[in-house]
Amino acid sequence: MKKRDLFNIDSLSFQEFDENSELIPLMTPEDEEKISNEKLPETLPILSLRNTVLFPGVVIPITAGRDKSIKLIDDANKGNKVIGVVAQKDESVEDPTATDIHQTGVVARILRVLKMPDGNTTVIIQGKKRFKVSEVITEEPYMNATIREVPEARPAENNKEFGAIIDSIKELALQIIKDSPNIPSEASFAIKNIQSNPFLINFVSSNMNLSVNEKQSLLETNDLKERALATLKFMNMEFQKLELKNDIQLKVQSDMNQQQREYFLHQQMKTIQEELGGVSYDEELEEMKSRAKLKKWDDKVSEHFNKEIAKMQRMNPQVAEYSIQRNYLDLILDLPWNHFSKDKFDLKRAKRILDCDHYGLDDVKRRIIEHLAVIKLRNDMKSPILCLYGPPGVGKTSLGKSIAEALGREYVRMSLGGLRDEAEIRGHRKTYIGAMPGRILQSLKKAGTSNPVFVLDEIDKLSNSHQGDPSSAMLEVLDPEQNSEFYDNFLEMGYDLSKVMFIATSNSLSTIQPALLDRMEIINVTGYTIEEKVEIAKRHLLPKQLKEHGLTEKDLKIAKGQLEKIVEGYTRESGVRGLEKQLAKMVRYAAKNIAMEEDYNIKVTNENIIEVLGGPKLERDKYENNNVAGVVTGLAWTRVGGDILFIESILSKGKGNMTITGNLGTVMKESATIAMEFIKSNAKELNLDPDIFEKYNVHIHVPEGATPKDGPSAGVTMLTSLVSLFTQRKVKKSLAMTGEITLRGKVLPVGGIKEKILAAKRARIKEILLCEDNRRDIEEIKPEYLKGLTFHYVSDMNDVIKIALTNQKVVNAKEL
């Protein structure tokens with residue numbers, strides 16, 4: 001074999017011989033071509049490496065200490081000396097399996113095996129071709145796998161960009177060897193004499209100080225040009241580190257002692273900060289002390305602050321804890337300790353503001369004025385926390401803003417929807433990286449006073465997780481007996497929240513933690529009537545949308561009749577959010593015509609409404625006639641307000657089975673069963689032949705089956721529907737009902753009466769049948785809401801049947 005230039009392993013400090021006792025030559029293009037033409041075996045024994053990666057063409061020594069590895073090497077050395085070499089994903093795994101190794105490796109040839117005195121085996125291997133593990137066949141006595149070759153994309157020989165990259169790698173490698181004291185200068189000869197570009201890239205990649213994952217990523221790069229660029233990038237980083245290391249070593253060669261060095265660095269830092277327009281550490285501390293003298297805090301807080309700032313003075317400004325301590329002291333100084341805005345307890349003015357901002361909601365506004373009156377007389381906040389409860393879009397959040405304006409206080413809003421980390425309320429301990437105070441203190445810091453109006457929006461949507469239960473943390477916030485010493489984990493001392501006026505909002509009470517609900521006074525913000533919606537649209541929504549779209553009242557006018565048409569035909573909500581969206585469409589219609597200089601009706605007509613909004617979408621919300629026996633109109637409560645509910649029954653010949661459809665819950669199914677049993681037990685009083693129940697099947701259906709329905713409000717409706725069906729008597733026109741029943745035929749009261757009344761008015765219902773005990777709920781509703789409605793109060797199902805059913809039977813109905 002012709003002698004050629006040699007390279008050394010591990011930063012050119014290791015030399016070894018091949019099996020013919022000749023020095024290992026550098027890889028040449030002819031050698032690469034010969035290797036590329038070699039065909040890989042279908043299966044190979046797989047040797048896993050803990051802390052290195054083998055590259056094609058590169059020779060490295062491997063120390064094998066595991067029994068499986070020693071067995072593999074011995075068997076391969078006796079055979080064809082060819083093995084597969086892959087890197088482990090985690091070097092701590094002692095007995096790696098198929099999932100613990102990388103899929104891409106290098107076929108290697110064993111050049112020499114040496115037995116060490118400590119019992120380990122050192123083997124010299126040379127990489128040949130890259131491969132990918134297809135499937136691990138066996139793992140005993142060592143791992144065997146089927147493999148496939150991974151082709152390598154190489155640029156053309158005349159590619160100038162690739163040539164420039166190779167030249168840069170050589171130059172940078174020579175510079176690193178020159179500047180590094182740990183690499184012998186002889187290494188530069190090997191770099192200069194490498195003729196093969198792929199081998200140069202692999203050789204440099206193998207000998208760079210990189211992690212196993214970084215080397216593996218280079219090995220897995222199929223495009224040689226991309227691998228060369230990545231290698232050059234790592235070399236640049238290595239060279240920059242080397243330069244920085246050499247610069248630092250030059251700096252520390254001075255004869256300064258530790259005290260002189262620290263003094264010098266501090267003086268430099270102070271000068272740099274002053275040049276940049278900042279302040280020095282000493283000036284920063286003095287500024288904090290000056291701000292502390294202006295704070296209105298008590299002796300306990302003052303003592304704590306002085307203790308913490310003294311701790312900061314003793315700290316080295318370069319340590320990480322210094323910035324944490326500075327942020328902590330900044331928070332203490334930024335919080336509005338005992339700083340309160342002056343309340344404006346002019347209740348007449350407050351009433352004017354509430355009336356101006358919100359039309360309707362008289363009961364709610366009266367309760368708020370009463371709340372403010374109590375605060376004025378007692379001059380403290382030891383009164384219940386208000387919780388505005390009602391469907392979306394009725395103005396709960398904006399009521400809080402109006403209260404803040406009426407009192408002359410700062411307004412703070414904190415959305416609790418989806419919040420599931422207790423630290424969001426109480427804060428993190430300041431020892432953690434990235435620690436912050438809770439959102440309660442952050443909001444007070446932004447408000448600048450300790451007595452703002454604090455709206456806790458969507459309190460029913462608080463969640464919980466493994467990070468704690470925020471609703472439990474809210475107990476201390478909202479309890480007047482506890483919140484005078486609210487403890488935040490970041491602040492590490494109590495903060496007085498007793499002067500904060502907390503107002504919570506909620507769409508549902510069922511999801512609020514009972515203990516939290518007990519600390520709040522519930523104010524039911526019900527939905528609006530059609531008349532109220534028209535007034536709200538006229539006074540608030542339309543002017544707001546005109547302003548937001550750059551128009552004035554002269555550009556678009558919608559009369560009350562047209563507003564009422566929009567409310568009835570295009571909105572089906574208790575609030576006014578959907579109505580505002582429809583009005584926005586009308587305003588955009590005008591804005592488009594103005595921008596395009598086209599003619600349009602400034603005074604909106606019914607035809608314009610249909611043109612812009614389409615045909616009325618909510619006609620199904622209207623009352624349906626009861627010309628068919630077994631069809632009854634019920635009233636239901638939903639989270640978005642009241643609604644009407646149609647219950648249908650039909651008979652078919654059968655064996656007396658009852659079927660219930662319409663996606664009903666357990667309670668409504670039980671109501672249907674109770675109604676059926678009541679009819680069977682009172683068949684004689686209802687003039688029904690008992691044999692009917694044995695000859696006919698009954699099917700009860702509640703339309704809109706995709707919508708889940710449940711609740712204790714449909715008992716009387718179910719029973720009326722079945723009696724109407726069996727007797728074939730029509731239900732009285734324009735009649736709706738709500739209530740629950742018992743097996744004895746008693747009618748029980750239900751809730752959500754006002755919302756149900758509003759739904760009945762929207763549907764043009766004329767008569768409403770209720771339990772006698774619900775009379776008091778009707779008496780609490782303003783008379784104007786009840787205009788045009790007739791109420792029937794019942795306590796027994798016989799009364800329901802007498803009122804609801806007419807004596808007129810269905811035309812052409814078959815006698816049962």
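Observations on the model:
- Projected-area mean, segment 530-620, by convex hull of Cα positions, square nanometres: 5.4
- Residue pairs, from the table 544/585; 342/544; 754/782; 81/132, whose Cα atoms sit over 21 Å apart: 342/544
- Normalised by 2.2 N^0.38 Å, with N the number of residues, the alpha-carbon radius of gyration of segment 38-149 equals 0.96.
- Signed unit charges on C-beta, dipole axis of segment 296-418, positive-most listed residue 356, 400, 316: 356
- Rounded to the nearest 20, the size of the Cβ-charge dipole of segment 623-809 about its Cα centre is 480 debye, with Lys and Arg at +1 and Asp and Glu at -1.
- For segment 302-362, projected area of the alpha-carbon convex hull averaged over all directions, nm²: 7.7
- Fraction of beta bridges assigned by DSSP in segment 623-809 that are antiparallel (%, nearest 5): 55
- With a cut-off of 12 Å between beta carbons, the residues surrounding residue 804 carry a summed charge of +3, where Lys and Arg count +1 and Asp and Glu -1.
- Neighbour net charge for residue 67 - beta-carbon separation under 12 angstrom, K R +1, D E -1: -1
- Cα Rg, Dmax, segment 347-524, angstrom units: 16.0, 51
- In the structure shown, the pairs 560/766; 709/730; 129/245; 695/732; 547/787 are assessed against 32 Å; a Cα-Cα span above that value is assigned to 129/245; 547/787.
- Cα centroid separation, segment 170-228 to segment 435-485 (Å): 58
- Cross-link reach list, aspartates and glutamates versus residue 538, counting only Cα pairs under 12 Å and skipping chain neighbours closer than eight places: 553, 564, 580
- For a straight C-alpha distance cut-off of 17 angstrom, the aspartates and glutamates reachable from residue 653 (same-chain residues fewer than eight places away being disregarded) are 689, 691, 694, 815.
- Residue-averaged [θ]222 nm for the chain, counting only DSSP H segments that reach four residues, each worth -39500 (n - 2.57): -12500 deg cm²/dmol
- Semi-axes of the equivalent ellipsoid of the chain are 78, 44, 28 Å, computed as sqrt(5λ) over the eigenvalues of the C-alpha gyration tensor in descending order.
- Most simply put, the chain has about 55% antiparallel DSSP beta bridges, counting only bridges with both residues inside it.
- The chain: angle of helix 258-275 to the longest principal axis, Cα-based, in degrees nearest 10: 50
- Taking the square roots of 5 times each eigenvalue of the Cα gyration tensor of segment 623-809, largest first, gives ellipsoid semi-axes of 26, 17, 15 Å.
- Partner lysines whose Cα lies under 19 Å from the Cα of residue 344, excluding those fewer than 8 positions away in the same chain, are identified as 365, 376, 382, 401, 499.
- Over the Cα atoms of segment 85-154, the radius of gyration divided by the Kirkwood radius equals 1.01; this is the Rg/Rh ratio.
- Using alpha-carbon coordinates, inclination of helix 197-207 to the longest axis of the chain, degrees: 80
None of the figures in this text is laboratory data; all of them are computed from the coordinates on show. Model, not experiment: these values are computed from the prediction. Counting neighbours? That spans all protein chains shown, and the Cβs are built from the backbone with ideal geometry, glycine included.
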